[in-house]
Amino acid sequence: MKPGSKPVALTPPASAWSRQPRMLIPAALLLASCALPFVMNNYHTFQLTLVLVYAIALLGLNILTGYNGQISLGHGAFYAIGAYVAAILMDKFGVPYWLTVPVAGVVCLAAGFLFGLPALRLEGVYLALATFALGVSMPQLLKSRHLESWTGGVQGIVIAKPDPPFGLPLNQDQWLYFFTLAVAVAMFVLGWNLLRGRVGRSLIAIRDQPIAAEAMGVHNALYKSLAFGVSAMYTGVAGALGAIAVQFVAPDSFTIFLSITLLVGIVIGGLASISGAVYGAIFIQFVPNIADQISKAAPWAIYGVFLIGFMYLMPAGVAGAIRLAWARIRRMAADTRQDSG
Amino acid sequence: MDAFLNQVFAGLATGGIYASVALALVMIYQTTHLVNFAQGEIAMFSTYLAWTLIDAGMPYWIAFFLTVGIAFVLGALIERIIVRPVEQAPVLSVVVVFIGLLVIFNSLAGWMFTYTIKVFPSPFPKEPVHVGTHFFSSHELGAVGVTLVLLALLYAFFRFTPLGLAMRAVAQNAESSRLVGIRVGRMLALGWGLAAAIGAVAGMMVAPTVYLDPNMMSGILLYAFAAALVGGIDSPGGAVLGGFLVGVLENLLGAYVIGNELKLSFALVLIIVVLLVRPSGLFGKIHVTRV
Amino acid sequence: MSTRSLFISATVIAGLVLGATTALAQKKYDPGASDTEIKIGNILPYSGPASAYGTIGKAAGAYFKKINDEGGINGRKINFISVDDGYSPPKTVEMARRLVEQDQVLLIFNSLGTPSNSAIHKYMNAKKVPQLFVATGANKWNDPKNFPWTMGWQPNYETEAAIYAKHILQTKPDAKIAILYQNDDYGKDYLKGFEDGLGAKAGMIVAKASYETSDPTVDAQIAQLQGSGANVFFNVTTPKFAAMAIRRAYDIGWKPVQYLNNISASIGSVLVPAGLEKSVGLISTQYLKDSLDSAWANDKGMKDWYAFMAKYYPDGNLKDASNVYGYAVAQTLVQVLKQCGDNLTRENVMKQAANLRDFQPDVMLPGIKINTSPTNFAPIQAEQLVRFDGKQYIRFGEVVGK
C-alpha cells in the first residue's frame, strides 16, 4: 500500500451494536405487548387480539405465497375450517377451548396438504383460480343441507367466552389476549426456525428456480405440498383463535372477501417476511376503520386509495421498506466510520 | 327432453354474459400478462355512465358509442396514471393495486348512483323469439351476436393489423419489442383502453338482463374468470367458448346433478379437473420455457 | 306559636320542598344519555352484498335530524352514530363493542341481518344494552324471557309465510306449489314458515329452487320451477332477484298465482323494473304504505313523508320502500324515548319499548298498530293481504294477526 492512502475495507466490521437490534426489537415489542391490555380498554384489547389472529394467518399465507411462490386466493377457506372445527368441538362436544386450537391446526394441516397435492400441476393464474374456487365454495359448503346438522347452517354457531383459569385477576378479554399472544409467539418462533433453516431455503429455491432446485436434489412435490399443509395449519389455528375471540361462526363470516383481505395483508406487510405478517395484520384490522372515519360516503374508495398508495411508496411492502431504510442507515454509518477511520 | 333443452338454452344465454366479460379479461391478459380483477367494476362503472347519458335523454346508440369511447380513454388513463408507476413491482403488488381499483370503482358507483337497481334499456326488439316451445329473449340473442362480432373484430385486429402484432409482441417480450422500435408504453395503454371498451360493451349487454346495480359484476366476474381460464387465458375464442361452456355446465349441474346449493362449487371443481388434465386450458397455448 | 311547633313546621316544609325537588330532579342516566343528548348506535351493511339496505340508516338518520331541528326529545338532541359492518358477523361484533365500550351509546338500534344480530345477541344481553328494533324478521328476537334486551320490529318471516300458506289452503286446496328462495337465513325462515303453515298438506310443494346472491340471474331456477308443472309460485327473493323472477316467469309464459314476500313488494324498486304489466295479480302482504301507491296520494302521512324526504334526505330514492321503513322505525324509537321522559336508563328504555300501546307511525297501513308488552317483544304482528292490479295494491281480506 502506498503511504498516505486509506485502507479499503471490503465489508464494514460487524460491530456489536449492529447485530443486537435483531434480538432487541422483538423482545422489546413482546414486553410492550404484554403491558398493553392493562393500559387499554377492553374494546382495544379485543382489537389487538384480532390483530394477533390475523398475524398468525398472514404468516401462514406468507409461507405459501411469499416464500414458496404459490399464490392462494382461497386461504379464507382454511381459516373457516379452523374456526368451525373449534366451534363444533366446543359447542357439540364440550371440548375446552385451548384444546380446539391444536386440533384445528392438525385438521387444517391435513386439509392443506390434500389440497396441495393436485395443486402441484397448476401454476400462476391457474393456481389462483383453483384457490379462488376453494375460497368461493367454502361458504356454500358450510351452508349446505348435508352439513347443516354439524355446522348449524346459515344460523351459525354461538360460542361461549372462556374465563381466565386458576382465578387469575384478569378479565375475559385480557385473558383471551394473553392466550392468543402465547399461541402467536409459539407459532412465530416455529415459523422462524422453519424458514431460516433448510426448509426455508428449499422453499425459496423452489419459488425462484424450480428446475434448478429439483436438479439440486430438492424434492419439489413434497415441499410444495408440505408448504400448503403448513400454511393451512397456521391459518387454521388463526381461524380457531378468531372464532373464540368473536364467539360466533357463520358462513357469512368467511366469504371470498376474507381470502382477498389476507392476500392484501401479506403484500402490504411484505412478502417473504415474518415481521411483514404483523404489519399486514395491523393494516387489515385498522385501515378500514380509519377509512370509515375519513369518509362516511365512500369508505372503501378511501381504502382502495390506501392500497394503491402503499404499493406506490412501498412496492415490497412495509417490511421491505423497513429493510431498505435499515440497509441505508447501516451503509451511511459504515461510510462515516470509513471516512473517519 | 323439453326441460333439458330449456336448461341448455338458458345456460347458453347466461354463458353469453360470461363470454363477453371473459373476452375483456383475455384482452388485458394478452397485453399485459396480468389478470385485471378490476375489469368487472370498470365495466359496471362505464355502464352507469351510459345509463346517466340515456337517462338525460340521449338516444341509445349515441350513448352506447360515446360510452365505449369514454371507457377506452378511461382504460388508457388508468394504465398511464395508476398502473405504469407500479409496472416494475412484483406481480402480487400489481394485483393489490387492481384490488384497490376494484373497491374504489365499486364504492364510487354506490355513492354516486345508490344501490337501488336501475333498469338499463336494450336496443333489441322486445318480442321474444320462439323456437318450438323454447323461449329466447331477443336481447339475449342480440347480446350473443354482439359478443361474436367483437370476437371476430378482435381476432382480425390481432392477426391482420400491424398494431395488433405490435401489441402481441409487447406482451411476449417487452424488452425486445422496445429494441425493434415499438412504443411499449403506448401499446400497454392501448391494450388497457381496448379492454375497458370491451368491458363497457359487455356491461351494456349484461345490464338489461341482470339489472344495473353496483354489485352487478361481482358474481359474473368469478364465472368469467373461470371461463377465460378453462378456454385458455390467451385465446379470445377459447374465452368465448369457455363462457358458454360454464353457463351450460352450471345450469345442468344445478338442475340434474347436485342441486342449486352446490352447483357453483361443483362447476368450479370440474373446471379445476379440466385444468389438471390440460393445464393451459382447452385452447390455450402450451408454454415451453428454456431452462 | 311556640318555638317548638315553629321548628316542627319548618322542618316539615323543608322536608316537603326537598322531597319535591328531588322528585323533580329525578333524572336518571345511563351511559349515552345526558341533559343535552341521547347517543344512539346503529350497525348496517353500507358495503358488501347487502349494501342496498344502507339507505335505511340514512333515512333514519335524516329523521333524527328532523326531530333535532324541532327541538329534540324532551329537550335532548339525538346523536346518531351509524357504522358499517359489511354484513360480516365478526365486523358486527367489533362495531357493537366499539359503540358500547368506546362511543358509550345508550342503545343499539335497528341493526340489520340475522347472522349479524346473532353474533352480538349474547354480548348485548350480557352487557345489558338494548338491542332494539332489529332489522330482521327472524323468530328468535321475540324471546323476552331469555334475551330481555333484544327486540325485533317488523313482522316475522315465518308468520308472513304462514299467512300465504293459509290463503292457498283456503282458495286453492289442490294447488301445486313451486318455491324460489334465497339460500340464507331469511330465505330458509320463509321456507320453514310456509311448510309449517301448510302442515299436513306440505306435499303440495312440488318444486323448490334456491339461488345465491352471487348468481347473475335466476333464469335457470325459473325454468326448473316451470318444468315442475306448478300453478302456484311462492317467490322468496330480495328486490333485485324478485324483479328478475317476476319478469322471467312472465316472459317464458308461466302464469302461476304468485305470492311475493313483502320485503320485495315495493312498486318502485321491484315491480317497475320487472314490468308493471308482468306483475298483475301478485299477492303479498303489507304493513307500511307504498310510496308509489296512488291510494295514498292524498294521505297526510304519505305527504309528510314526501316533504321529509325532500327536505332532509333529498338524495334518497323516493321509490325505495327501505326509506319508508327507516322513517317508520325511527318514529317508533322516538316514541319510546319520549315515553322515557327523564329516566334515560337502559332498563327504562326496554321497559318503555315493551310498553307501546296502539302506536301507529303515520306511514303504517290503517288497521295495523304497534303493541308490545313484557311478554310480547314482537311490535308488529299484523299484516294485510294485498293484490297488485297493475297500478296499485288493492287490500283484500282482513288484517291478519293482532
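Some observations on this one:
- Looking at C:292, C:356, C:333, just one residue is outside any strand (DSSP E or B), closer than 22 Å to residue C:239 by Cβ, under 20 Å from the mean Cα position of the chain (by Cα) and not assigned by TED's automatic domain parsing to the domain that holds residue C:194, and that residue is C:292.
- Screening residue B:72 with (1) within 18 Å of residue B:215 (Cβ to Cβ); (2) in contact (Cβ under 8 Å) with a residue 60 or more places away in the chain; (3) outside any loop (DSSP other than H, G, I, E, B) gives one miss only, at (1).
- Check on residue B:42, modelled with pLDDT of 90 or more, part of a helix (DSSP H, G or I) and more than 21 Å from the chain's Cα centre (by Cα): no
- When residue A:95 is tested against (1) more than 10 Å from every other protein chain (Cβ to nearest Cβ); (2) assigned to a helix (DSSP H, G or I); (3) surrounded by fewer than 24 Cβ atoms within 10 Å (Cβ to Cβ); (4) not basic (Lys, Arg), only condition (2) is not met.
- Of the helices (runs of 4 or more DSSP H) lying entirely inside the range B:131-247, those containing at least 1 residues that are β-branched (Val, Ile, Thr) are B:138-160, B:162-172, B:184-210, B:216-231.
- Annotation: of all residues in the range C:164-183 being touching a residue at least 60 places away in the same chain (Cβ under 8 Å) and surrounded by 24 or more Cβ atoms within 10 Å (Cβ to Cβ), the one that is farthest from the other protein chains (Cβ to nearest Cβ) is C:164.
- Residue list for the range A:125-177, filter: of a type in the set (Phe, Trp, Tyr), away from chain B (no Cβ under 13 Å) and at negative phi: A:150, A:175, A:177
- Any hit, the range C:190-197, residues being modelled with pLDDT of 90 or more and within 9 Å of another protein chain (Cβ to nearest Cβ): no
- Of all the criteria given as (1) buried (at least 16 other Cβ atoms within 10 Å of the Cβ); (2) within 11 Å of another protein chain (Cβ to nearest Cβ); (3) without any contact (Cβ under 8 Å) to a residue 40 or more places away in the chain, the one not satisfied by residue B:137 is (3).
- The condition (being in contact (Cβ under 8 Å) with a residue 24 or more places away in the chain and either among the polar types (S, T, N, Q) or within 10 Å of chain B (Cβ to nearest Cβ) (or both)) is satisfied by just one residue among A:308, A:268, A:274: A:268.
For every residue, the table says whether it meets (1) more than 14 Å from chain A (Cβ to nearest Cβ); (2) over 15 Å from the mean Cα position of the chain (by Cα); (3) modelled with pLDDT of 85 or more; (4) surrounded by fewer than 19 Cβ atoms within 10 Å (Cβ to Cβ).
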{"residue": "B:180", "(1), (2), (3), (4)": "yes, yes, yes, yes"}
{"residue": "B:194", "(1), (2), (3), (4)": "yes, no, yes, no"}
{"residue": "B:202", "(1), (2), (3), (4)": "yes, no, yes, no"}
{"residue": "B:206", "(1), (2), (3), (4)": "yes, no, yes, no"}
{"residue": "B:225", "(1), (2), (3), (4)": "no, no, yes, no"}
{"residue": "B:253", "(1), (2), (3), (4)": "no, yes, no, no"}
{"residue": "B:262", "(1), (2), (3), (4)": "no, yes, no, no"}
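- Flag not set for residue A:302, criterion: within 9 Å of another protein chain (Cβ to nearest Cβ), part of a helix (DSSP H, G or I) and crowded, with 22+ Cβ neighbours inside 10 Å.
- Matching strands (runs of 3 or more DSSP E) fully within the range C:53-139 where at least 3 residues are touching an Asp or Glu at 6+ places or on another chain (Cβ under 8 Å) and over 28 Å from residue A:157 (Cα atoms): C:77-84
- Answer from C:119, C:96, C:59 - the residue that is of a type outside the set (Asp, Glu), touching a residue at least 24 places away in the same chain (Cβ under 8 Å) and farther than 17 Å from residue A:247 by Cα: C:59
- Any hit, the range A:71-91, residues being modelled with pLDDT under 95, among the aromatic types (Phe, Trp, Tyr) and out of contact with any strand residue (DSSP E or B) (no Cβ under 7 Å at 6 or more places or on another chain): no
The values are calculated or read from the model by the stated rules, or taken from the named source; none is laboratory data. Source: prediction; values computed, not measured. As a convention, Cβ positions derive from the backbone with ideal geometry for all residues, glycine included, and neighbour counts pool all protein chains shown.
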